[in-house]
Each structure stands twice: as structure tokens, then as C-alpha cells.
Amino acid sequence: MPKQITIATRDRKVYDLARRYILGLSSAGVTEELLDHYLNPPSNPASTMADVFERLLKSAQNRGMMPSVIGDSIGGVEALGPLFGGFSPAAAIERFATPDDLLNVIKREVQPTGQFRRGRGSLWPLFARAALSGATFLSQFESGQEFVGWVKDFDVDDRKRAALPMLLSQEIDGFGFALACDFLKELGFRTFAKPDVHVKAIVKGLGLSSETANDYAVFKAVVRIAARHRTTWTSCCGWLAAVYSTIIPTWGERDACARIGRRSSEARGVRSVLRHNRAMQRTVTSGASLACSCR
């Protein structure tokens, strides 16, 4: 194998290697039919503005310790529906002038369990700012259908798809590129790859992007591979995770890296991290969870 291979060749080798490996898990119930199901999952984008706003709030607290501090403490984000007039962005910005106003009502009417910290850098104020800035942004659209149509305008063009998470990260307070992707993905747009810590480690470790790639660059790498193989990004990440957290430790670093044109010395650090991520390994080797391997 030549020392330098093209990006397209490496993409193909990684994808094909992972596919062969996963199809070898017949004892776990993995079949061609199962793979085809996850390669073409149903996509039903949210249709109402209430659905869109509720999903935005769920993504706003989908990082770090926020799910336990926010969602778990109130029995789920659904509990905030009555405060926002049934998840109406217009009702939210009409009722709450500031994030502090929102926090006061949440504490009084929803009564979260645990500590309700409101100091600088605390999670509840971060969530409140995201909620109201998100409501302000969504209030520009007449309906959920209009918003979905606007997203589709970005989604149909590979050249401008990545611009949408960048735009949302500027419009919604606390929404970085990754959370914006999470929001769009969970709305039903499966082409928006969420560049979380696992996806970034895998993509960089396999040489599918540079070691210094930011969220935007990792997003573009996963979408590139998915587009070449006519699959969704969730399935694509499942293949990559299989290579990086299961195949490499099983076959040995040198053999696996040689097959994909990656120098073993470059892969050692990240491989070690993923090898010890037991939760990811269990997910990768479960035929029923292939589509969620990197979510």
C-alpha cells in the first residue's frame, strides 16, 4: 500500500472494513436486512412549532451534567410546557422578559428537586438564556412547517448544510455547533452529524480529519463519508466506532491500521481512550443498537 492514499480511498477502506466486521456478528443477529434498515431509517421531521420548541429545549440541556440538573429535576422538559403556553415561542417571550423572570417562575411553579443554583456559570441560568433566545429566534417563523421548510433549504445542498448549525449557534445563546446539530438531528434531519466527543475521537483517530479539526471540520468529514456511501451519519458513525473501539483492539493496532492506510503510531493515543470506553464497545457490538452507536 502506498504511504499516501487519497481521502476517498481511506473513506472507502474504513467503511468497507467496518461493514465486513459488523456483518460478521451473525451471532448477535446482524443481517443484511438489519443493516439496510439502519441505512435508510424513517425520517419524520417535527410538524408543529410546539414540537420544534420543545425539541430545542431538550437539546439546550443535552450536554454535560445538564440533563440531570435540569430535566431530571423537574420530571422531564415536558413539565415546562404549561409555562410556555404549550411550548409556544410567542407565548414564552410575551410572558418572560428576562431569563431571571423565567427562573423565578420555574422555581415557584415547577419546583425542581435538588439545588437550584443561579450564580455565574450555573446551569439553570444557561438553560434559561437558551430557552428565551431560542423562543425569540423561532418566533420569526409563522409555523413549524415553515421552519422545517427553511431547514430543508439548507439540508438539500451539501455545500451549505454546515452553515445552518453555525447560524443557530449564533442565534441561540449557549448553542454551540454540536448542540445545534443535536437539535436538528432530533427534529428528524438525519444528515446533521453531531460532533460529540466520541465522534471527534473516532474521526480524528482514523485520520478522516486532521488532529486539530474543530466541530465544523469533523461534521464535514462524517457527512462526506455518509454521502459517498448513501447512508445516514448515525449508521456511518456506527461503522467507524466498530473499527476504532472493537476491530483495532481485536485484530491488533498494526494490522487494522495497515488495512485502512493509517500509521499505527498516529492512532495509538485515541485508540487507548476508546478501548477503555466500555459503554461504546457494548453498543457497537449490539446488533439492535447499530444506528445509535455514536449518539
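The values are calculated or read from the model by the stated rules, or taken from the named source; none is laboratory data. Since this is a predicted model, take the numbers as computed values, not measurements. We place every Cβ from the backbone using ideal geometry, glycine too, and count neighbours over all the protein chains shown.
Would you say E54 is within 22 Å of R190 (Cβ to Cβ), acidic (D, E), under 26 Å from the mean Cα position of the chain (by Cα) and modelled with pLDDT of 95 or more? For E54, the condition - within 22 Å of R190 (Cβ to Cβ), acidic (D, E), under 26 Å from the mean Cα position of the chain (by Cα) and modelled with pLDDT of 95 or more - is met. For the stretch 204-222, a residue qualifies if it is modelled with pLDDT under 80 and aliphatic (A, V, I, L, M), and exactly one does: L206. Take the residues in the stretch 102-149 that are among the small types (G, A, S) and in a helix (DSSP H, G or I), then tell me which one is farthest from D51 (Cα to Cα). Taking the candidates together, the pick is A128.
Scanning the stretch 83-110 for residues that are more than 13 Å from A131 (Cβ to Cβ) and touching a residue at least 12 places away in the same chain (Cβ under 8 Å) gives G86, A90, E109. Could you tell me which numbered condition R224 fails, if it satisfies all but one of (1) charged (D, E, K, R); (2) within 30 Å of T98 (Cα to Cα); (3) part of a helix (DSSP H, G or I)? Every condition holds for R224 apart from (2).
Screening the candidates D196, D100, D182 for the property of being out of contact with any Leu (no Cβ under 8 Å at 6 or more places or on another chain), surrounded by 15 or more Cβ atoms within 10 Å (Cβ to Cβ) and under 22 Å from A79 (Cβ atoms) yields one hit, D182. Counting the residues of the stretch 150-199 that are within 11 Å of the chain's Cα centre (by Cα) and part of a helix (DSSP H, G or I) gives 13.
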